[in-house]
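None of the figures in this text is laboratory data; all of them are computed from the coordinates on show. Predicted, not measured: the structure shown is a model, and the values here were computed from it. We place every Cβ from the backbone using ideal geometry, glycine too, and count neighbours over all the protein chains shown.
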């Protein structure tokens, strides 16, 4: 397939892997930030091609994984209310909250619908003026523009039956939180290409300088990831600390101006809790006061309630790159995709789920 | 009264809790995933249905049962069809109901002969819709060489059905000495795939979700009797066959690997997926190897016959895109499927728990 096959070429992959091996003289820990990259690494077996000194550490960039339990609980609380149609991206449905997940709510009779875009949810709201349509607005900077667009459009049309349950998170503050942690072992980053497509990469220069880490804007195909690793290792070996952008076919320095303008108009930066990690200051997006009537938490009068994670789940450590999924004692035994203890075992972008699905049998055998 | 109150107020029948082999505390209700062709569905079948109906024929866990009867051998199977939308590019619920059951018989090595048809109709279903479905069934039955010889009709209240559900059961004959089953699979067997995968599932999803792509993706729904008979009648040593419906190619091969106790090594690069299907899967974050088909099968054949089998398949329109996608590497206690990826690395192919869910970004 055009624009994809050329980035999955086996011979080119081997060549890049050989180039990485040539420049590597010491062990390095490199974190790929985005769950989509983690998925590709495990699905294609990219790490198998790397020299043993290079460890790819899986990052927090899985929107499903970091959505806090209390938001899932709120979703499960709102969905069965009379007159509500609850719309969500598919992979949020299986994430366990305190009282089950959205799929179970659906099985109990709630009107839960999978949509592919907030604009689809908006269309559902238009078609059902007597119902309250709630869209579960999760995700990083990548999904924010479409959510902002949906809200702006709903306001223009004067719609009274459309709200967002917002759980937006931002990548750069999470990278800073990881680097500032005493247990940090990340020495270089592959930044999330799609996030940079929207936001650009100007905000990474201060992080690279402050924490002395190379940051390479990286795409999602095998050759993109191998190239990202190559450039990152070269910087580390040469003692350079720069922000590089080999993913120029998608990312410009300033990002997508119109998308950034839309986000800034509808959303403001707020503190946000990350599942398994805790609260990170200035790490999320919430609706601006001018759009408060589209806030589902306000519409349905939900107070914040603190929730404890299941004690056995180590997803926080996995999301910060401290622990590999199969190093968790519950991995593959008490925690499986059928009975997940944490969200990292649910989403296709979750590191635990990726390990279980693509490494399953040998990894499970080794850990038992 | 909220739903949760209603749920709590319902007394749990205690003896059922004690005797039910499914840990119902974990799944007090049936979820959609229990019908998704993945691990939850297999657990349900294994722990509830197999445990309750236990017998040697059921235990073979094939697409149908092959029964010895007065010296002859017949194959028997049944399937229910609950597709939404009822009509989709490349077929409808009627063509599915005939071809699906015909194919299950063919996978037992049987020549399908007779079908039954049960209709559950929802009050208010346009008669015109029913007629179109029935006409399609008539045509599909004629094409597959089967007769629909008995049936049943029920009507349920409006809102209690999704327009139209169809159940078909099928009966076919198996020639003496022909045994097609997972336990005949041997190390060295070649794994042949009859054509490109993922089309039916993506055709349905495109219509259901209103997704539009550059070209319309049509279902691969078709009767597989002829390509299967082409192999068997030519004397190819076929060990096992499986049509790749729910759960797709990956689940079908994993089921056989587990039932046969073997390690199957696949090559991702040899698996044909049409460009439009790949594109749609990329957009939605789905893996085409887990997407449903209705006109594709895998054949495990003896190594010496692999090349001839491939040519025989390719000689038939429904097998024109056939390819050799892997081999049975060795015996393996629990069954294992691995795959050489597009970039030449190796990974495990595992069964999903339920249906694939489209990703966020």
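Compute the distance in nm between two label points, each set 7 Å from the Cα along the Cα-to-Cβ direction, one at residue B:314 and one at residue A:249.
So the two model labels end up 3.1 nm from each other.
So for the protein assembly as shown, what percent of the C-alpha to C-alpha distances run longer than 49 Å?
For the protein assembly as shown, the share of Cα pairs beyond 49 Å comes to 17 percent.
Which residues does the label zone of residue B:113 cover in segment B:53-95, counting backbone N under 14 Å from a point 7 Å along Cα→Cβ?
What the label zone holds, given the 14 Å backbone N cut-off, is B:67-77.
When ranked by the protection proxy of mean other Cβ atoms within 10 Å per residue, highest first, what sequence do the peptides A:157-169, A:29-41 form?
Details: A:157-169: 21.3, A:29-41: 26.2.
Top to bottom by mean Cβ count within 10 Å: A:29-41, A:157-169.
Measure off 7 Å from each Cα along the Cα-to-Cβ vector at residue A:279 and residue A:317, then give the distance between these two points in nanometres to one decimal.
The answer from the label model is 2.5 nm.
With a Förster radius of 56 Å, plug the Cβ-Cβ distance of residue B:154 and residue B:283 into 1/(1 + (r/R0)^6) and report the FRET value to the nearest 0.05. If you can, show how the numbers build up before the last one.
Numbers: r = 40 Å, r/R0 = 0.71.
Efficiency, rounded to the nearest 0.05: 0.90.
Return one number: the angle in degrees, 0 to 90 and rounded to the nearest 10, between the long axis of the Cα atoms of helix A:171-180 and the longest principal axis of the Cα atoms of chain A.
The helix A:171-180 is inclined about 50 degrees to chain A.
Based on the alpha-carbon gyration tensor of segment A:4-129, what equivalent-ellipsoid semi-axes (square roots of 5 times the eigenvalues) come out, in whole Å, largest first?
42, 17, 10
If you average 1/r across every pair of different Cα atoms in segment B:64-173 and take the reciprocal, what Kirkwood value do you get, in Å? Numbers along the way, then the final one.
Numbers: mean 1/r = 0.0700 Å⁻¹.
Final number for the Kirkwood radius of segment B:64-173 is 14.3 Å.
If packing is taken as the average count of other Cβ atoms within 10 Å, what order do B:322-330, A:138-146 fall into, highest mean first? Write down the numbers at each step before the final one.
Working: B:322-330: 20.0, A:138-146: 23.4.
So the peptides B:322-330, A:138-146, ranked by packing, come out A:138-146, B:322-330.
Hey, with R₀ at 22 Å, roughly what FRET efficiency would residue B:275 and residue B:209 work out to, going by the Cβ-Cβ distance, to 0.05? Let's see the in-between values first.
Working: r = 20 Å, r/R0 = 0.91.
Using R0 = 22 Å, I get an efficiency of 0.65.
How many percent of DSSP beta bridges within chain A run antiparallel, rounded to 5?
Here the antiparallel bridges make up roughly 25 percent for chain A.
Averaging the inverse of every distinct alpha carbon separation and then flipping it gives the Kirkwood radius. What is it for segment B:182-348, in angstrom units? Please report the intermediate quantities before stating the final value.
Details: mean 1/r = 0.0624 Å⁻¹.
Its Kirkwood hydrodynamic radius stands at 16.0 Å.
Partner chain Cβ atoms within 10 Å, averaged over the residues of A:35-45 - can you pull that number for me?
Mean number of neighbouring Cβ atoms from other chains: 3.
Give me the percent of Cα-Cα pairs in chain A that sit more than 34 Å apart, rounded to a whole number.
Looking at chain A, the distances longer than 34 Å represent 27 percent of pairs.
Kindly identify chain B as rounded, prolate or oblate by the Cα gyration tensor criterion: order the square roots of the eigenvalues as a ≥ b ≥ c, call it rounded if a/c is under 1.5, otherwise compare a/b with b/c, prolate if a/b is larger, else oblate.
Cα axes put chain B in the rounded bin.
Have a look at the DSSP beta bridges in segment A:77-162 and tell me what percent are antiparallel, nearest 5.
Of those bridges, close to 10 percent are antiparallel.
Evaluate E = 1/(1 + (r/R0)^6) for residue B:135 and residue A:29, where r is the Cβ-Cβ distance and R0 equals 60 Å; express this FRET efficiency to the nearest 0.05.
Computed FRET efficiency for residue B:135 and residue A:29: 0.40.
If contacts are Cα pairs under 8 angstrom and at least 6 residues apart, what is the relative contact order of chain A in percent?
22 percent
Please give, to one decimal in nm, the separation of the simple spin-label points placed at residue B:304 and residue B:46, each 7 Å out from Cα toward the Cβ.
About 3.6 nm separates the two model spin labels.
Distances over 13 Å make up what percent of all Cα-Cα pairs in segment A:115-178?
Counting pairs separated by more than 13 Å, the tail of P(r) holds 61 percent.
Before anything else, pin down the relative contact order of chain B: Cα pairs under 8 Å, at least 6 apart, normalised by residue count, whole percent.
So the answer I get is 21 percent.
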